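Report on the structure given below.
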Amino acid sequence: MTGTALPQPADLFALSTDRIRRAAADLWPDEPLTLGDHVPSVTGYVRRVGVGGRDLFAKDSVLGLSLVSVLHGLAGDRDRVRATQAAYATSPASLLAREAAQLRTLDAAGVRVGHCAGYASGVLFTEPVTGPTLADLITKEPARTLDLLTAAVTGLEGLQHPRVVCQVDAAPIPERSIDGTFRRKFNGVSGRIYIGRLGLDRLDERTCQGVAAVVGTVVARLLKLRLAPPIGPTVIVYGDLKPEHVLFPDGPGEAPVFIDPGLARGPAHHDVAKLVSRAFLMLIAAPPVDAPASAVVDGIAAFVADQTRALRGTLRGRWLRRLLVTWLMDTVNILSTYLTAPTELPLPEHAQTVFDQAEALCPVLDQVSAQLVAATDPYAAWQLALRAVTKAAAR
């Protein structure tokens, strides 16, 4: 291969594995390291490891970017990535250095998180959290959707602890902002080229063309929308509050444990929007077997109603509008990441279900974004969104 060759998954994984070995040796020089299974992810390289008989997860980030972006050449060719990563991994400002600090701070502030076992040379080691995820429980017990989502946000009340605020203001992780990610992906000519690649390696030609057309239309609408200023001051948000990042090791009636933080300042609706976005996506891709999809949708609707109960009049309408726009941005972000991933990159198990239901998801994105551009009353737009998701999932 020449020096101008794009990075390949095997290249990145080999470099990450080497960094994991070296980091473990730095942290635990007298303990043997056992390499376990690779855990598929689009954001970084994750691997199960054993250190002196202790089971851990080892995570390596390539330049703080998603693996899909790196493989498409966003960070340069193979040799450039190798050279810049060597410096990045040792920087105290690297993504995983900040994540390690956030995990330790959250733990000290009383927020239940996966324990940081160690950090060195750009590699983060964490202890595994056992038990079902929020996604698992909603699928298994749809009638508990409201209670489970409420438990997730209640478990994060400690985010506004002064110690957490101080640490986040010093070293935030803004890379996981939904709005920022959306605008980076779909900015100008590069964004149009990106949309043109959607599904090329993953979908049949007809489906590929249809999905690209709808996503292109939705992106254009979202870029035209301008979110109103935040309602009240910005707060510390978790940043990557996906259902699979919320686990219930002690059962669904007990406090959850959180993994993979991306703390930063943001609008108060951000974490709720992320939860709603991924819960809707999960529902459309894999609806519950023994209950109607409406059971989950009704729980999400009740959860959102609870989150807006203290708001009145136009403030509540503005909050709902922001929720809808942020939900659409996040869904387009992850859908486009999955659909542009090279076939050689192992993806999470649920990604295949998203591919399979891309055509069912597109009408939802189209209908709701059209209502927002038309300045439909936010309450009416939210009700339409709930109906559209229910229809898409009830197939």
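Which members of the stretch 122-154 meet the condition of being on the phi > 0 side of the Ramachandran plot and crowded, with 22+ Cβ neighbours inside 10 Å? Outline the logic, then answer.
Residues of the stretch 122-154 on the phi > 0 side of the Ramachandran plot: 122, 131.
Hit for the stretch 122-154 is 122, nothing else.
Looking at the structure I just gave you, is residue 203 among the aliphatic types (A, V, I, L, M), over 19 Å from residue 388 (Cα atoms) and surrounded by fewer than 23 Cβ atoms within 10 Å (Cβ to Cβ)? Give the derivation first.
Working: among the aliphatic types (A, V, I, L, M): yes; over 19 Å from residue 388 (Cα atoms): yes; surrounded by fewer than 23 Cβ atoms within 10 Å (Cβ to Cβ): yes.
The answer is yes for residue 203.
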* Structure fact -> Counting only residues that are buried (at least 20 other Cβ atoms within 10 Å of the Cβ) and of a type in the set (Ser, Thr, Tyr), the stretch 89-119 contains a total of 3
* Might you let me know whether the stretch 90-108 holds any residue that is in contact with a Leu (Cβ under 9 Å, 6 or more places away or on another chain), part of a loop (DSSP other than H, G, I, E, B), in contact (Cβ under 8 Å) with a residue 12 or more places away in the chain and within 15 Å of residue 45 (Cβ to Cβ)? => yes
* Residue within the stretch 268-275 that is closer than 22 Å to residue 355 by Cβ and at pLDDT 95 or above present -> yes
* Structure fact -> Within the stretch 335-356, residues assigned to a helix (DSSP H, G or I), β-branched (Val, Ile, Thr) and surrounded by fewer than 18 Cβ atoms within 10 Å (Cβ to Cβ) come out as 353
* Structure fact -> Within the stretch 240-296, restricting to residues that are without any contact (Cβ under 8 Å) to a residue 60 or more places away in the chain and of a type in the set (A, V, I, L, M, F, W, C), the one that is farthest from residue 171 (Cα to Cα) is 289
* Residue that is nearest to residue 336 (Cα to Cα), among those in the stretch 1-33 that are polar (S, T, N, Q) and surrounded by 15 or more Cβ atoms within 10 Å (Cβ to Cβ) -> 8
* Structure fact -> Turns out the helices (runs of 4 or more DSSP H) fully within the stretch 136-207 with at least 3 residues that are more than 20 Å from the chain's Cα centre (by Cα) and in the same structural domain as residue 296 (by TED's automatic domain parsing) are 162-170, 188-196
* Applying the selection to the stretch 357-376, what residues are in a helix (DSSP H, G or I) and within 12 Å of residue 281 (Cβ to Cβ)? -> 358, 360, 361, 364, 365
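Hey, could you check the stretch 40-58 for residues that are small (Gly, Ala, Ser) and in a strand (DSSP E or B) and say which is surrounded by the most Cβ atoms within 10 Å (Cβ to Cβ)? Before you say what the answer is, go through the steps one by one.
Step one: of the stretch 40-58, the residues small (Gly, Ala, Ser) are 41, 44, 50, 52-53, 58.
Subsequent filtering for residues that are in a strand (DSSP E or B) retains 50, 58.
Working: 50: 15, 58: 27.
Looking at the filtered set, the residue picked out is 58.
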* Asked: Among 26, 60, 18, 55, which is within 18 Å of residue 124 (Cβ to Cβ) and free of Cβ contacts under 8 Å to residues at least 12 places away in the same chain?
  -> 18
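Name every residue in the stretch 275-293 that is assigned to a helix (DSSP H, G or I) and not basic (Lys, Arg), in order of residue number.
If the condition is that a residue be assigned to a helix (DSSP H, G or I) and not basic (Lys, Arg), then 275, 276, 277, 279, 280, 281, 282, 283, 284, 285, 293 are the ones that fit.
The values are calculated or read from the model by the stated rules, or taken from the named source; none is laboratory data. Small disclaimer: the values here were computed from a predicted structure and weren't measured. Virtual Cβ from ideal backbone geometry, glycine too; neighbours counted across all protein chains shown.
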